[in-house]
Structures are given as C-alpha cells and as structure tokens.
Amino acid sequence: MRRVLVTGGGSGIGRAIAQAFADDGDAVTISGRRLDALEETNGGRGMTCVACDVTDEAQVAALFGAPFDVVIANAGAGAPMKMRDLPLEQWNSIINVNLTGVFLTFRAALQTMQAGGRLIAMASTASLQGGPNISAYVASKHGVLGLVRALATEVARDGITCNAVCPGFVDTPMGDAAAEGVAKRFGISQEEATARIVSGNPMRRMIRPEEVVAAVKFLASPEASMVNGHALSVSGGEV
C-alpha cells in the first residue's frame, strides 16, 4: 500500500485524483484550506484530511510526519485580469499558491521520500504557452514547469522522479467558473462561452477529470520509472 498526498484535494481535479488513488487501495492524505470540502472528497473512503495552506511553510512541513511514496502538488489559484489592471497583491497571491506552494510541498516531501518516490505537479497548458488576461497564472505555471525540470535532475540518482501534468480546460467547478467569466465579459450564453474557451482544443470539448487522473496514475506507476522531468499535456492536441 502506497502513501499518497494530494494537495488541493477538496474539489475538482484534486478530488478526482484523491478518490481514484483511495479506490485503488492506497493510503491517501488530502489537504486544503476547507476541512468540510476535504471531508466531502473523502466520502467514507478512509482518507486522512488535513487543513493546510500550501503557502504556509510550517503548515506544509507538518504534513510530512512520515514519508509519502507519491506527492501530487495540485493546489492552485487564478483569476483573469488584464496585466495593466493587475494589483501586486493579486500577483503575489497567485505566485505564492501556484509556485511557492509547489516548492514548499516538494521540498518538505524530499526530507523523507525514499527511492521509487514520485513527485507530480499540476502545471496546466499555461505552463507551455501564453494566454491573454492570465499573466500571473501563466507566469506561475511556467515557473512550476521550470521547477519540475530542475528538480528532476537533482533527484534522479535517488531513484525519485519529478514530472508535471498539463491539462487544458477541465470539466470541474473551476472550468465552469472560467466559462461564467467569459459569458459575463462578452454577454454570451454559458454554452457559447464554453465553446469559446475550448476552441483551442482540436477535440472541441472540456477534458474529463478522469482523463487527467489517468495521466497522474501513469506517472505514479512503476512503469513510469524512466519518465522524469516531463510535461505530460492532456489537452486534446492544444499543445
């Protein structure tokens, strides 16, 4: 039985990942800012739920009382805004959650992680390309991918791998919120807004959470022992 940690496990992709590993019989710990959301993810599966802000060094360190075999840094945040209107406070907040949170999580994990360990970051297609009105988000996710590639070279001789999963728009509450924002901005229907945000995906649809889960599970598997420093795009060909 592997010990698996999923940050940002209270909803969306994190919830789907955590439930999939738990259903496979792994010992799963989920963290997030809202304990009630974590308990909803758990749903009687026996997960350990820990309230944790990934930008808080002490809180993150406290997650690692014992080694984890798989650590999935999934916690993230973002809000659309034109660069010229972006307050420094919001810039810092997004960078802190999306990039510093991954750094703190992986650094703490490496204090006890053994050979065969897997570090996996949720990086998004925004780590591979730019996009309008999301400069802080894109910058943070590019930083995540850079961190993954650098760390992969450090941990390789320890028998640990570090990789990133890069989804496009996923059918989650965050994906719905993105469509709602587009609908409001352009005065169009939710359906039209969804079509617009997935227009860069040649398959012209939202990605299903289980499709992202499959990528994460592969990177966590023994069969992926020689996949290291990789950005696995789950985007229907967008990237």
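At 7 Å along Cα-to-Cβ for each site, give me the label-to-label distance between Gln111 and Arg84 in nm.
Computed distance between label sites Gln111 and Arg84 equals 4.6 nm.
Compute the long axis of helix 209-219 from its Cα atoms, compare it with the longest principal axis of the Cα atoms of the chain, and write down the angle in degrees, 0 to 90, nearest 10.
Roughly 40 degrees between the two axes.
Ranked by Cβ crowding within 10 angstrom, fewest neighbours first, how are Phe21, Phe64, Phe218, Phe186 ordered?
The most exposed by this proxy come first: Phe186, Phe218, Phe64, Phe21.
Apply the Karplus parameterisation 6.51 cos²θ - 1.76 cosθ + 1.60, with θ equal to phi minus 60°, to every residue of region 158-168 and state each ³J(HN,Hα) to the nearest whole Hz, in sequence, with x for glycine and proline.
8, x, 10, 10, 9, 9, 10, 10, 10, x, x
So what is the relative contact order of region 105-187, in percent, for Cα pairs below 8 Å that sit 6 or more residues apart?
On the way: 83 pairs, mean separation 29.6, N = 83.
Rounded, it is 36 percent for region 105-187.
Given the DSSP H assignment, sum -39500 (n - 2.57) over each helix run of at least 4 residues in the chain and divide by its residue total; what's the result at 222 nm in deg cm²/dmol, nearest 500?
Result for the chain: -12000 deg cm²/dmol, rounded to the nearest 500.
Grab the Cα-Cα distance for Gln59 and Ala177, subtract it from 0.36 nm times how many residues apart they are, and report the gain in nm with one decimal. All intermediate terms of the calculation are to be shown ahead of the outcome.
Values: separation 118, 0.36 × 118 = 42.48 nm, distance 2.83 nm.
Taking Gln59 through Ala177 to full extension adds about 39.6 nm, to one decimal.
Sort Ser93, Ser233, Ser124 so the one with the fewest other Cβ atoms within 10 Å of its own Cβ comes first. Please report the intermediate quantities before stating the final value.
Numbers: Ser93 16, Ser233 21, Ser124 33.
Ascending Cβ contact count within 10 Å gives the list Ser93, Ser233, Ser124.
One quarter of the convex hull surface, Cα atoms only: what value does that give for region 63-104 in nm²?
Values: hull surface 14.5 nm².
Projected area, direction-averaged: 3.6 nm².
Please list, in chain and number order, the residues 5+ apart from Met81 or on another chain whose amide H is under 5 Å from its amide H, with Hs placed from the backbone.
Ile134, Ser135
What residues have an amide H closer than 5 Å to that of Arg45, excluding those fewer than 5 places away on the same chain, when H is modeled at 1.01 Å from N in the peptide plane?
none
State the extension gain, in nm to one decimal, for the chain segment bounded by Arg45 and Arg204, taking 0.36 nm per residue of separation less the distance between their alpha-carbons.
53.8 nm
Would you please give the residues with an amide H less than 5 Å from that of Arg2, counting only those at least 5 places away or on a separate chain, with H modeled from the backbone geometry?
Ala27
As an exercise, take the mean of 1/r over every pair of distinct alpha carbons in region 72-213, invert it, and state the Kirkwood radius in angstroms.
Radius from the Kirkwood sum: 16.3 Å.
Considering the zone a paramagnetic label at Lys184 would reach in this model (a point 7 Å from Cα along the Cα-to-Cβ line), which residues of region 68-105 have amide N under 13 Å from it?
Under 13 Å, as judged by backbone N against the label point of Lys184, lie 79-81 of region 68-105.
Given N residues in region 4-123, what is its alpha carbon radius of gyration divided by 2.2 N^0.38 Å?
The value comes to 1.07.
How high is the relative contact order of the chain, given as a whole-number percent (alpha carbon pairs under 8 Å, six or more residues apart)?
Averaging sequence separation for qualifying contacts and normalising by length gives 18 percent for the chain.
Could you tell me the ratio Rg/Rh of the chain? Both radii from Cα atoms, Rh via Kirkwood.
Radius of gyration over Kirkwood radius for the chain works out to 0.96.
Each reported figure results from applying straightforward, stated rules to the coordinates on display, with no laboratory input. Because the structure is predicted, anything quoted here is derived from the model rather than measured. Note that each Cβ is placed from the backbone with ideal geometry, even for glycine, and that neighbours are counted across all protein chains shown.
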